[in-house]
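Structure first, commentary second.
The values are calculated or read from the model by the stated rules, or taken from the named source; none is laboratory data. These numbers were taken from a predicted model, which means no experiment stands behind them. Don't worry about glycine lacking a Cβ; one is built from the backbone with ideal geometry, like all the others, and counts go over all protein chains shown. Protein only, heavy atoms only, side chains kept; ligands, DNA and RNA dropped before computing areas. Shrake-Rupley method; radii C 1.70, N 1.55, O 1.52, S 1.80 Å.
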Amino acid sequence: MAKTPTVLLDPATFDGPSTDDPGTPDAQVTIKGRNVEVPEHFATRINTKLAKIEKISPAITRFDVVLLHETNPRLAKVSQRIEITLRGKPGVARAEAAEDTFYAALESAIAKLERQMRKARTRRKISHSGHRRPQSVGEATAQLAADAAPAEAVDRYADGVEDQLPGQIVRRKEHDGTPMTVDEALEKMELVGHDFYLFRDSESGRATVVYRRHAFDYGLLTLSDEA
């Protein structure tokens, strides 16, 4: 397969307000560009943002950042995509965003990641305390507004599907089968920002799915032993 050539983009794609605090996280940081070269000043900006994320959870050991440029002209408004994955004691957290510039995509991805990590930390405090503090109307409204930021849907895998026929399986993923409690699964679900999470329940030994319901409630799905 021929290697996709690196695209030379308008420097403004990476531009944004300057920062007076170019911090660097203690965790290992890997920054890669797919079809695009990452300027040094933008790599510095990424490190500054990640250093702030690290303050939320100092147990982070690694950040992986990938920049992708979408060449399809129909996707010009979301042509610059950033994916951020962090690993550490809290588990794995992931956030991605696509905008018309890499600067905007970075801001969106960092905001999502920070939101996910704070929700997971709140979830952890609740599970450790054994009860949940009643939430005020103002807090509930603020949380709903924070979670409601819709992203324009983009099929990242369409170009890799022959003839772009609908209804095909375009991605397969093998999931970690390490047994865990429901509370641990909920925390991991919040970290990756998904509405569901597949895990093996340490109590029952069954493959189980925890999923997000309306408001702030969750549900569990398991398979029965009956044929």
#### Entry: Separation between Cα centres of segment 23-37 and segment 77-100, rounded to whole Å
12
### Query
How much accessible area does Ile31 have with a 1.4 Å probe, in Å² rounded to the nearest 10?
50
### Message
What does the extension gain come out to for Arg74 and Val192, with contour length at 0.36 nm per residue minus their alpha carbon separation?
### Response
39.6 nm
### Task
Multiply the residue gap between Glu203 and Asp225 by 0.36 nm, knock off their C-alpha separation, and tell me the result in nm, one decimal place.
6.4 nm
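Give the peptides 57-63, 208-214, 104-110 in descending order of average Cβ contacts within 10 Å, highest first. Provide the component values of the computation, followed by the final result.
Details: 57-63: 16.0, 208-214: 14.4, 104-110: 20.1.
Order by mean packing, descending: 104-110, 57-63, 208-214.
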### Query
What residues have an amide H closer than 5 Å to that of Val29, excluding those fewer than 5 places away on the same chain, when H is modeled at 1.01 Å from N in the peptide plane?
Phe63
